[in-house]
Structure formats: C-alpha cells, structure tokens
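Please read the structure below before turning to the comments.
The values are calculated or read from the model by the stated rules, or taken from the named source; none is laboratory data. Quick caveat, the model's predicted, so the values are computed rather than measured. With ideal geometry, Cβ positions are generated from the backbone for all residues, glycine too; neighbour counts draw on all protein chains shown.
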Amino acid sequence: MELFNDLLLGFSVALTPMNLAYGFLGVLLGTIIGVLPGLGPVATISILLPVTFALPAPAALIMLAGIYYGAQYGGSTTAILVNLPGESSSVVTAIDGYQMARKGQAGLALATAALCSFIAGTLATIVIAVAAPALAEVALDFGPADYFSLMLFGLVAAVILAHGSIVKAIGMILVGILLGTIGIDANTSVERFTFGIPSFGDGIDFAVIAMGMFGIGETISNLGGSEQGRTFVKEVKNLWPRWADIKRFIKPALRGTALGGCLGLLPGGGPVLASFSTYALEKKLSKTPGEFGKGAIEGVAGPEAANNAAAQTAFIPMLTLGLPSSAVMALMIGALMMQGLSPGPQLMNQRPDLFWGLIASMWLGNLMLVILNLPLVGIWVKLLSVPYRMLYPAIMLFCCIGVYSIHNNALDVVLAAIFGGFGFLAKKLHCEPAPLLLGFILGPMIEETLRRALLISHGDPTVFVTRPISLSFLVLTFLLLIVLVAPMIRVTRQRAFEESTD
Amino acid sequence: MKAQPTATRRAVLSGVALAGAVLAAGLTSALPARAQADYPNQPITLIVPFAPGGASDFAARLLQPRLSAILGQQIVVENRDGAAGNVGMDLAARAKPDGYTLFLGNVGTVSINPYIFSNLRVKPLQDFIPISIVADTPGLLIANPAFPPNNVKELVEYVKARPGQVNFASPGSGSVNRLEMEAFRREAGLDMIHVPYKGGAGPATADVMGGHVSLMFVTISSGINHVKGGRLKALGVSTKQRVPQLPDVPTMTEQGFPKSVSSSWQGVLAPAGTPQPIINKLHAAIVEAMKDPTIKERMGESGVIAVSSPTPADFKAYIEADAAKWSGVIKDIGVKAD
Amino acid sequence: MNIRLSSDFLTGLLFCGLGAVAIIIGSDYPVGTTSRMGAGYFPLVVSSGLILLGGVLLVRSMVSETQEVGEVDVRPLVVLLGGVLAFGFLIEDWGFPVAGLAVVVASRIAGRDLKPWLETALLAVGLVIFCTALFSYGLGLNLPHTRFW
C-alpha cells in the first residue's frame with residue numbers, strides 16, 4: 001500500500017494547477033522543437049534551464065522532463081511526414097513511417113506512433129514507480145566489456161535495417177563509425193580528423209549529418225526524379241487505425257516497450273539502440289519481412305514504443321543514484337543542483353514530493369501528449385496536401401535554421417551541404433543512410449568501451465567471454481549473424497534482382 | 001565562427017528597434033573613451049565555456065544575480081561550450097577589451113589546456129587579466145566500498161604489493177582529477193593504470209560504484225552524496241584542513257602527502273587590454289558579491305567553497321602557481337596532444 | 001547526365017577512397033597496442049575494413065552484372081547545395097532574413113519552380129517572416145539580424 005500512498009502523493013503534486021500548466025508548457029514546447037528539424041531537446045533545455053531557476057523545484061523538473069519526452073513525440077512526426085529524423089531516436093521511425101506516408105497512410109503512421117508511445121510511456125512509468133531502485137543496481141553491474149558486447153550486437157542488428165545490399169550496408173556503417181572518430185580522442189587528447197578547426201574538436205553533430213543526408217539529400221533526389229517522384233503523397237486514406245491495425249501493432253508495441261525499457265537504463269545510446277534493435281527484432285519475427293522498409297506498420301509501432309520507453313527509464317539512474325545516463329539527464333541534475341537539491345539515493349527520502357511528483361507527471365505528460373498529438377494528426381496530414389513546390393523550399397529553410405542553431409555556427413551549415421551532396425550520391429549508389437547514422441552514433445561508444453575494457457583487464461581479451469553479461473550478448477550477436485548470413489547464401493543468385501526492386 | 005553578436009556587430013546599430021536589450025546595449029560601446037567613467041552602462045556578457053548544468057555554469061548562475069545588483073547592470077551568462085572549454089575561451093580572448101565581455105575561467109581551461117593542446121591559440125596568462133577567483137572545489141579520493149584499503153596509507157601498501165594491477169578512473173585524460181591522481185601516484189611511487197572516461201564525472205563515478213574500476217579523484221561536489229549514501233568510500237580530501245561537509249575524512253596532508261593539495265577552481269577574467277579602473281571596479285564588485293550568504297550557502301551545500309581574491313594580483317599569482325604545478329605534472333607523465 | 005557505370009563499381013571506389021584518405025590523414029596518430037590502443041588504432045581498423053568492403057564491391061561489379069547508376073539531374077544537385085552554402089556564407093554577415101531568402105529562392109530555382117515569380121516572392125518573404133517570428137521571438141534563438149532593416 002506504500003506504493004499507493006506514494007503515487008497519491010505524486011499525483012497530488014503533479015495535479016496542482018501550476019505544475020499541470022508547466023507540464024503542459026513543457027510537452028508543448030517539446031513537441032514544437034521535436035517537430036522542427038535540427039533543434040533538439042538538449043539545446044532547448046540548455047536555453048530554458050536558467051528560466052527554471054526561478055520556479056519551485058517540482059515545477060522546474062516537470063517542465064524540463066516534459067520538453068524531453070515531448071521532443072521524442074515530435075521528432076517522429078517530422079520523420080514520418082518528410083523523412084527528416086530530427087532526433088537520433090527517430091531515424092528508425094523514418095524508414096517505414098515515411099514509406100507509409102508516401103502510400104497515403106501518414107495519418108495511420110502518426111496515430112500509431114502516438115498510441116504506441118503512450119502505451120510504452122504508461123508501462124515504463126509503472127516500472128519506474130515499482131522497481132526504480134532495483135533496476136538502477138542492474139545498470140551498475142554493466143561494465144565496459146558488457147557495453148562493448150551490447151554495442152557490437154546493436155551494430156550487427158543495424159545490418160538488418162538495410163533492405164538492399166548487405167555489403168553496402170556494412171560499408172555505410174563503417175563510414176559512419178569513421179565519421180564518429182572525428183574530434184578530440186578522449187583517451188589521449190589527440191585531435192583526429194579535425195583539420196585544425198577548433199569546433200571540430202567535439203566532433204560533428206548528429207543533426208548536421210541527419211539534416212544533410214536525409215533532408216537535403218532526399219530533396220535533391222526528389223527534385224531530380226520524374227514527376228512521379230515529386231507527387232509527394234498519392235492519396236490520403238485511413239487516417240485512424242482500425243481494429244485490424246491495432247491488432248497488428250499491439251504486440252510489436254509491447255515487445256518494443258520491454259526492450260526499450262531495459263536499454264533505456266544504460267547510459268549512452270539507450271533510445272537509439274532501443275529503437276533499432278526493436279526494428280531488427282520485428283523484422284525477424286515478421287512473417288512478411290519483405291514489407292519492412294516499404295511501409296510496415298510494425299516498423300513504426302515497435303521502434304516508437306521502444307524509444308519512448310527508453311526515454312522514460314533513462315530517468316532511473318538519475319533519480320535513484322544521481323548518475324546521468326545522457327546529456328539531457330546531466331542537464332536535469334544541473335537543474336536540481338541549482339535548486340539546492342542533490343540528486344542521489346537520498347532524494348527519494350528527502351523530497352518524496354519531488355520524486356513521486358515527477359513520476360506522476362511523466363504519466364500525465366504522456367497523456368497530454370497523446371491528447372495533443374491525436375488531433376494534430378489531421379492537421380499534419382493536411383500539411384502534406386500542400387503542393388510539393390511550396391513544401392520543399394520550406395523544408396530547406398527549416399533544415400538550414402536547425403543546423404545553424406545547434407552551435408550558432410555557419411560552418412555546420414556548410415557541412416550539412418556537403419553531407420547533402422554525399423546523401424544524394426549514396427542514394428544514387430543504392431546505399432542507405434540509416435546504417436551510416438547508426439554507425440555514427442554507436443561507433444564512438446564501441447571504441448570507447450573496447451579500449452576501456454582492455455585497459456581495465458590489462459590487455460586480456462578474455463574479459464569479453466568471462467563476464468556473463470558480455471558473453472550473453474556475444475552469443476546473441478553470433479546467433480544474429482547466423483540468422484543474417486543463412487538467407488543471404490540462399491538468395492545470392494537472386495540478389496541482383498532484389499536490388500533492382502528497391 | 002565569429003565572436004558573439006554583442007561584441008562585434010556594430011552594423012546592427014540601425015536595428016535597435018529589432019534588437020533586444022542585450023544586443024542594443026552591446027553596440028553603444030563603439031564610444032570607448034566615455035565608457036570607463038560611467039562603466040558599466042550596458043549589460044555585461046559572462047562567457048562560460050561549458051554547457052549549462054556543469055560546475056562552471058553553477059558558479060556563474062549563482063554569481064549572476066548578486067553581481068548584477070551590485071554593478072547596477074544585467075550580467076548575461078552565455079554558455080559557449082566545446083573542445084574542453086577552448087571554444088569559449090578563444091571567443092572571450094578575442095572579444096573587445098572594454099569590460100563588457102568577461103570570461104569564467106577554470107582550472108581546466110586556464111591552467112591545464114595550454115599544456116595539453118599544443119595548437120591552442122589562446123595563451124591564458126597573456127590574453128587575460130585575472131580579476132578574482134569565485135569558487136573553489138577540493139578534490140576527493142574515492143573508492144568502491146569493496147576495495148580493501150580504507151585510507152591512503154593502506155592504499156599505498158596495497159598498490160605497492162600489486163604494481164600495475166590497480167586501475168583508477170578519471171573524467172578525461174586532461175582533467176584535473178586525472179592530474180591530481182598522477183601527482184599523488186608519482187609522489188607515492190605507485191604503479192597504477194589510468195582508465196579515462198568522458199562526459200563529466202558521472203560515467204566514471206558509475207563504474208567506480210559498480211566496482212569495475214577501483215578508485216578515482218573527483219570534486220567534492222560530484223562525490224559527496226555517494227559517500228554520504230554509502231555507495232562509495234572516501235580515502236582523503238585534497239585540502240589543507242578537513243572540510244566541514246565530511247569531517248571524518250582525513251586530508252591527504254594528514255596522511256603524509258602534503259603535496260596533494262589541489263582544487264578545481266572557477267574565476268572571472270577579462271580580455272587583456274581591459275582598462276585597469278574597470279578591472280578594479282569589477283574586482284570590488286565580485287569581492288562584495290562573494291560575501292553574500294545565499295551564495296556561500298548554496299555553494300556550501302554542494303561542497304564548493306565561495307571565495308574571492310584579495311587583489312587581482314593575488315589571483316594572477318594563484319593562477320601562475322597553479323599552471324606551473326599542472327604543467328609540471330603534464331610534462332612528467334607526457335600527456336600531450338600533438 | 002546519364003552515368004552508365006555500375007553502381008557497385010562506384011560504391012567500391014567510394015569506400016576504397018574514403019578508407020584510403022582516412023588512413024593517410026590518420027597515419028600520424030599513434031596506433032599503440034591492442035591492450036593500450038592509441039588514437040590511431042580504431043580508425044585504422046575501420047578504414048581497412050572499409051577498403052576491404054570496397055574491394056569486394058569492385059570485384060563483384062566485374063564478375064557479375066550489376067545495376068547502372070542511371071540518370072543524374074545535375075541542376076537540383078548544384079543549385080540546391082549552392083542555396084544551402086549561400087545560407088551558410090550569408091547568415092553571419094548579412095543576417096538571417098537575407099540568408100533565408102537566398103535559400104528559398106535557390107530551392108525554387110533548383111526545382112524549376114522559379115516561375116511564377118509572385119508565388120516565389122510571396123513564399124520566400126512569408127517563410128522568412130514566419131521563421132523569424134517562430135525562432136527568434138517564439139523560441140528565443142539567437143539568429144543574426146539583417147543589416148538592412
């Protein structure tokens with residue numbers, strides 16, 4: 001019954017008119033910045049952090065958290081409508097979501113994304129309320145060797161994302177990893193591939209590559225294509241999910257929630273890793289894997305549920321241990337410190353109102369988001385009926401502003417143009433951008449954890465097989481490889497045919 | 001790639017109507033002669049070379065309201081993060097030396113980075129005039145609770161018996177916490193393996209907590225809660241006297257390592273060429289601001305000591321000594337990015 | 001422009017080229033040993049892998065019949081990228097409104113939609129006003145103002 005009382009306390013905090021208002025402001029702002037390409041939650045929370053110092057602690061935290069998961073919802077909207085993944089976690093959503101939109105199912109895709117996110121958010125909030133401290137312990141057990149094996153598993157799973165040539169997909173992953181090495185090496189402070197440019201010291205921003213390859217590259221090839229390529233959306237049909245659709249997406253959504261909830265606990269690429277391992281899982285479980293990449297509803301439902309669940313469970317290490325698992329969580333800790341509060345195990349006992357208030361607000365935030373987003377679906381879909389000749393100049397302008405505003409750095413815009421050219425080239429060569437982006441996100445983590453694991457073990461590579469967690473992921477990776485390679489051998493003769501259908 | 005609009009874009013003058021208060025005010029500084037007497041007559045930008053939420057931002061945000069009140073002008077905190085703080089430092093060094101752009105330097109940017117990054121354009125000791133230190137955070141030697149040694153003496157014995165087998169973590173290869181450990185390691189003659197992390201103290205602390213790495217130096221503010229909560233144990237603090245927040249933790253000096261006195265500090269600097277009267281005025285204002293009980297209390301809660309320098313020259317001497325110390329350690333262990 | 005080369009062949013060339021460039025630039029970075037990897041170790045392994053894959057594609061393009069690259073429309077490629085570059089070069093010295101107009105107009109040229117003129121002009125001005133309101137005033141972003149008004 002203690003849990004019940006705690007939750008009651010939480011809702012009594014979260015349901016005060018002021019906290020509700022800040023929560024709504026947060027999710028609204030989050031949705032807006034999520035929809036706008038390039039602007040991410042980290043930048044927005046940074047801008048708004050000083051504003052929240054004047055607010056009481058629960059209101060400040062509720063609003064910042066709202067921005068964070070609001071941005072997760074909003075990010076999928078742009079990914080589905082115009083193939084522009086603004087957040088790294090919506091890269092996967094773009095693959096099938098955009099194809100659905102082009103088939104005239106934009107409304108269905110958006111509603112599916114919103115509903116699955118809500119399901120995942122609700123379940124993840126319950127998990128946080130019930131088991132946060134215990135789960136935080138599990139996260140601590142993960143050592144560098146375990147992370148390495150997990151990332152390796154993720155990278156192999158990334159190959160499944162590809163629906164064309166596997167060799168090219170692996171190549172694009174490697175190009176992405178190579179791009180990820182740009183910047184100051186954390187271990188030795190050596191500047192790698194920075195060409196002496198100071199702002200390259202922290203590497204290239206994810207949004208620069210995503211805007212370039214997806215936004216600009218895609219537009220170039222749309223404009224260059226035939227009239228058919230320019231007719232954006234054929235005809236808009238079934239705006240809302242029907243019973244048959246719900247039956248199709250409910251299982252992927254639940255599986256995605258489970259997978260995402262677990263991966264969200266881990267620092268680094270939680271939501272990203274969650275969204276594409278779920279995609280890989282669904283593609284493998286599906287009876288019709290051929291539909292994936294061409295507008296499969298499961299390819300939207302699973303990853304959307306996964307990234308939202310992960311976004312919620314990412315709060316666990318921060319709330320229970322005071323350890324940030326991502327840049328956003330580090331900002332949250334900064335916000336708490338400015339309030340004179342110290343995040344950590346004591347927080348739950350010292351300020352139960354804050355702890356439980358935030359948890360209650362998470363669920364309320366998700367509810368507000370689904371209420372906010374479902375009516376918006378109709379408006380977004382209308383937006384697609386704007387003639388393409390009006391739409392693409394706007395997309396270009398938004399991309400430019402988004403990229404520029406990351407660091408107020410014009411060089412980033414120039415870089416985005418270069419990646420735009422590269423994205424177009426890649427498309428012409430039938431290389432897909434998604435594996436590159438995932439390599440770019442996972443590559444630095446793989447290098448970091450590999451080097452760290454070997455430093456800790458003093459150069460002994462058996463550490464990867466003697467630690468049970470690491471070993472399990474390596475076994476899974478191996479199984480995945482077999483699953484991947486087996487059909488490849490079978491269809492080698494048909495490959496040329498398959499590629500030409502893309 | 002330019003200095004922030006406030007400092008550079010005189011051309012916007014015609015657009016005062018459009019520009020916000022900050023921008024508009026930044027432009028009238030085109031008349032330098034008059035500026036000194038009635039300084040400050042427009043908002044002052046304080047460049048923080050790290051993202052919001054970090055230790056430097058924390059100090060700046062606490063200082064901001066009180067300093068604004070004393071000077072009668074708004075202090076605008078601008079976060080310009082990137083490349084270990086070098087991006088913001090470079091920007092501040094090239095700003096107009098009129099007292100309207102200040103820099104919140106710290107031990108990393110001012111005392112360490114010049115010796116780690118050989119292609120750094122900024123020479124902090126020449127390109128800035130130190131005004132005053134504002135915050136001082138001692139280092140804390142922490143270890144996993146299951147790690148056998150419970151104090152520095154036991155640690156030395158333990159590591160001496162196991163050369164090259166004990167790992168220590170750090171928030172980065174050029175971080176002050178790493179250098180603190182390196183200095184201690186050399187003084188005690190210990191052979192340990194350095195495991196660098198990135199992304200602040202969080203990830204490294206997590207791995208010490210999880211038992212993947214045995215020990216590390218952190219700032220008191222990032223370690224104190226975990227020590228109080230029993231997730232980590234503290235072996236020593238790097239101060240001359242014990243700190244009030246952790247009265248049971250002995251100093252490194254007490255335990256036979258008097259050279260292990262160090263801290264992470266933040267201080268305010270102005271671009272070289274800023275007129276002396278302005279420096280003096282700012283110094284007096286900062287000293288006044290740091291007396292504020294709420295600042296002291298807020299900083300104290302996080303284990304940070306609110307301080308100020310008696311004169312700007314004292315702060316300069318402090319930085320010189322600090323830089324000499326860390327550059328010596330860096331040269332000894334050979335961390336250099338070439 | 002119609003490129004009648006095999007797409008596998010060009011991709012192989014691209015991968016080999018990128019890998020080689022990375023190895024050449026990265027040749028200064030200390031490689032270290034497997035237990036204590038230097039800054040150059042990981043990029044070297046990845047670049048080598050990329051060259052290897054590029055090689056596979058090159059060989060494959062020679063032994064089996066593969067798809068051609070096909071038609072490439074140069075106009076949107078050049079003009080659209082030019083528009084984005086123009087935005088990058090104009091934004092800091094000429095301000096957001098000028099840079100914004102440039103990228104919208106360039107996009108319309110790239111898509112062969114410059115005419116009707118009025119539509120382009122209205123679209124460009126409308127978008128710039130909308131974005132200034134939304135980003136500068138609504139979200140408080142620091143977009144540079146123009147030097148003209």
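In the range C:33-56, how many residues are out of contact with any Lys or Arg (no Cβ under 9 Å at 6 or more places or on another chain), at the interface with chain A (Cβ under 7 Å from one of its Cβ atoms) and in a loop (DSSP other than H, G, I, E, B)?
Going through the range C:33-56 one residue at a time, the tally reaches 3.
So in the range C:62-80, with the set limited to residues that are charged (D, E, K, R) and under 17 Å from A:LEU429 (Cβ atoms), which one is farthest from the other protein chains (Cβ to nearest Cβ)?
Filtering first and then ranking leaves C:GLU68.
Which ones in the range B:186-237 are basic (Lys, Arg), more than 8 Å from chain A (Cβ to nearest Cβ) and either free of Cβ contacts under 8 Å to residues at least 12 places away in the same chain or out of contact with any Phe, Trp or Tyr (no Cβ under 8 Å at 6 or more places or on another chain) (or both)?
Pass one, the range B:186-237, residues basic (Lys, Arg): B:186, B:198, B:228, B:231, B:233.
Now restrict to residues that are more than 8 Å from chain A (Cβ to nearest Cβ): B:186, B:233.
Listed by number, the list holds a single entry, B:ARG186.
Of the residues in the range C:53-108, how many are of a type in the set (Gly, Ala, Ser) and buried (at least 21 other Cβ atoms within 10 Å of the Cβ)?
Total satisfying the criteria: 10.
Report yes if A:GLY264 is modelled with pLDDT of 85 or more and either closer than 29 Å to B:PRO171 by Cα or β-branched (Val, Ile, Thr) (or both), otherwise no.
yes
Return yes or no: is A:ILE204 part of a loop (DSSP other than H, G, I, E, B), closer than 19 Å to A:CYS400 by Cα and modelled with pLDDT of 85 or more?
So A:ILE204 passes the test.
Please give the number of the condition A:SER457 fails out of (1) farther than 30 Å from C:ALA133 by Cα; (2) at the interface with chain C (Cβ under 10 Å from one of its Cβ atoms); (3) within 25 Å of the chain's Cα centre (by Cα).
(3)
Within the group C:ILE91, C:ILE23, C:ILE3, which residue is of a type in the set (A, V, I, L, M), touching a residue at least 24 places away in the same chain (Cβ under 8 Å), more than 7 Å from chain A (Cβ to nearest Cβ) and part of a helix (DSSP H, G or I)?
Being of a type in the set (A, V, I, L, M), touching a residue at least 24 places away in the same chain (Cβ under 8 Å), more than 7 Å from chain A (Cβ to nearest Cβ) and part of a helix (DSSP H, G or I) holds for just one of C:ILE91, C:ILE23, C:ILE3, which is C:ILE23.
Which pairs have Cβ atoms under 9 Å, sit 6 or more apart or on different chains, and link a residue in the range C:121-146 that is within 16 Å of A:VAL403 (Cα to Cα) to one that is of a type in the set (D, E, K, R)?
Pairs that qualify, where the first residue is within 16 Å of A:VAL403 (Cα to Cα) and the partner is of a type in the set (D, E, K, R), are C:PRO144/B:ARG9; C:PRO144/C:GLU92; C:PRO144/C:ASP93.
In the range B:148-198, what residues are part of a loop (DSSP other than H, G, I, E, B), in contact with a helix residue (DSSP H, G or I) (Cβ under 6 Å, 6 or more places away or on another chain) and closer than 22 Å to B:PHE117 by Cβ?
Answer for the range B:148-198, where residues must be part of a loop (DSSP other than H, G, I, E, B), in contact with a helix residue (DSSP H, G or I) (Cβ under 6 Å, 6 or more places away or on another chain) and closer than 22 Å to B:PHE117 by Cβ: B:PRO171, B:GLY174, B:TYR197.
Suppose we filter C:ARG108, C:ARG60, C:ARG112 for residues that are more than 24 Å from C:PHE9 (Cβ to Cβ), charged (D, E, K, R) and in a helix (DSSP H, G or I); which single one remains? Give the derivation first.
On the way: C:ARG60 fails: more than 24 Å from C:PHE9 (Cβ to Cβ); C:ARG112 fails: in a helix (DSSP H, G or I).
Being more than 24 Å from C:PHE9 (Cβ to Cβ), charged (D, E, K, R) and in a helix (DSSP H, G or I) holds for just one of C:ARG108, C:ARG60, C:ARG112, which is C:ARG108.
Exactly one of (1) modelled with pLDDT of 85 or more; (2) over 30 Å from C:THR132 (Cα atoms); (3) within 7 Å of chain A (Cβ to nearest Cβ) is unmet by C:VAL59. Its number?
(3)
Of everything in the range B:162-181 that's more than 9 Å from chain A (Cβ to nearest Cβ) and under 19 Å from B:THR109 (Cβ atoms), which residue is surrounded by the most Cβ atoms within 10 Å (Cβ to Cβ)?
Once the filter is applied, the top-ranked residue is B:LEU179.
In this structure, does B:GLY273 turn out to be surrounded by fewer than 21 Cβ atoms within 10 Å (Cβ to Cβ), among the small types (Gly, Ala, Ser), within 14 Å of chain A (Cβ to nearest Cβ) and closer than 24 Å to B:ALA60 by Cβ?
Working: surrounded by fewer than 21 Cβ atoms within 10 Å (Cβ to Cβ): yes; among the small types (Gly, Ala, Ser): yes; within 14 Å of chain A (Cβ to nearest Cβ): no; closer than 24 Å to B:ALA60 by Cβ: yes.
When the stated conditions are applied, B:GLY273 does not pass them.
Regarding C:GLY83, is this residue of a type outside the set (Val, Ile, Thr), facing chain A (nearest Cβ under 7 Å) and either in a loop (DSSP other than H, G, I, E, B) or under 30 Å from A:GLY164 (Cβ atoms) (or both)?
Working: of a type outside the set (Val, Ile, Thr): yes; facing chain A (nearest Cβ under 7 Å): yes; either in a loop (DSSP other than H, G, I, E, B) or under 30 Å from A:GLY164 (Cβ atoms) (or both): yes.
Yes.
Please go through the range B:288-317 and give me each residue that is in a helix (DSSP H, G or I), away from every other protein chain (no Cβ under 12 Å) and crowded, with 18+ Cβ neighbours inside 10 Å, ordered by number.
Hits for the range B:288-317 are B:ALA289, B:MET290, B:PRO312, B:PHE315.
Pick from C:GLY32, C:GLY55: which is under 27 Å from the mean Cα position of the chain (by Cα) and of a type outside the set (D, E, K, R)?
Step by step, each of C:GLY32, C:GLY55 is checked, and only C:GLY55 is under 27 Å from the mean Cα position of the chain (by Cα) and of a type outside the set (D, E, K, R).
Please give the number of the condition B:GLY88 fails out of (1) assigned to a helix (DSSP H, G or I); (2) within 25 Å of A:LEU48 (Cα to Cα); (3) at the interface with chain A (Cβ under 10 Å from one of its Cβ atoms).
Going through the list (1) assigned to a helix (DSSP H, G or I); (2) within 25 Å of A:LEU48 (Cα to Cα); (3) at the interface with chain A (Cβ under 10 Å from one of its Cβ atoms), B:GLY88 breaks only (3).
Do we have A:LEU28 as outside any helix (DSSP H, G or I) and at pLDDT 85 or above here?
no
Of all residues in the range A:44-77, how many are buried (at least 24 other Cβ atoms within 10 Å of the Cβ) and farther than 19 Å from A:GLY357 by Cβ?
Here the count works out to 8.
For residues in the range A:1-25 being outside any helix (DSSP H, G or I) and free of Cβ contacts under 8 Å to residues at least 24 places away in the same chain, which is surrounded by the most Cβ atoms within 10 Å (Cβ to Cβ)? Walk me through how you get there before you give the answer.
Step one: of the range A:1-25, the residues outside any helix (DSSP H, G or I) are A:1, A:15-16.
Narrowing further to those that are free of Cβ contacts under 8 Å to residues at least 24 places away in the same chain: A:1, A:16.
On the way: A:MET1: 5, A:THR16: 14.
Going through the qualifying residues, I end up with A:THR16.
Does the range B:112-147 hold any residues that are among the small types (Gly, Ala, Ser) and either assigned to a strand (DSSP E or B) or under 25 Å from B:LEU190 (Cα atoms) (or both), and which are they?
The answer is B:SER132, B:ALA135, B:GLY139, B:ALA143, B:ALA146.
Check off (1) in contact with a Lys or Arg (Cβ under 8 Å, 6 or more places away or on another chain); (2) modelled with pLDDT under 85 for A:GLU87 and give me the number that stays unchecked.
(1)
Which ones in the range A:137-188 are of a type in the set (A, V, I, L, M, F, W, C), in contact (Cβ under 8 Å) with a residue 40 or more places away in the chain and not in a helix (DSSP H, G or I)?
The first filter runs over the range A:137-188 and keeps only residues of a type in the set (A, V, I, L, M, F, W, C), leaving A:138-140, A:142, A:145, A:148, A:150-153, A:155-162, A:166-167, A:169-170, A:172-175, A:177-179, A:182, A:184, A:186.
Among the residues that remain, those that are also in contact (Cβ under 8 Å) with a residue 40 or more places away in the chain are: A:138-140, A:142, A:145, A:148, A:150-153, A:155-162, A:166, A:169-170, A:172-175, A:177-179, A:186.
Scanning the range A:137-188 gives A:PHE142, A:ALA162, A:ALA186.
Grab the helices (runs of 4 or more DSSP H) fully contained in the range A:280-389, keeping just those with 2 or more residues being farther than 30 Å from B:ALA55 by Cβ and touching a residue at least 40 places away in the same chain (Cβ under 8 Å).
A:298-313, A:352-384
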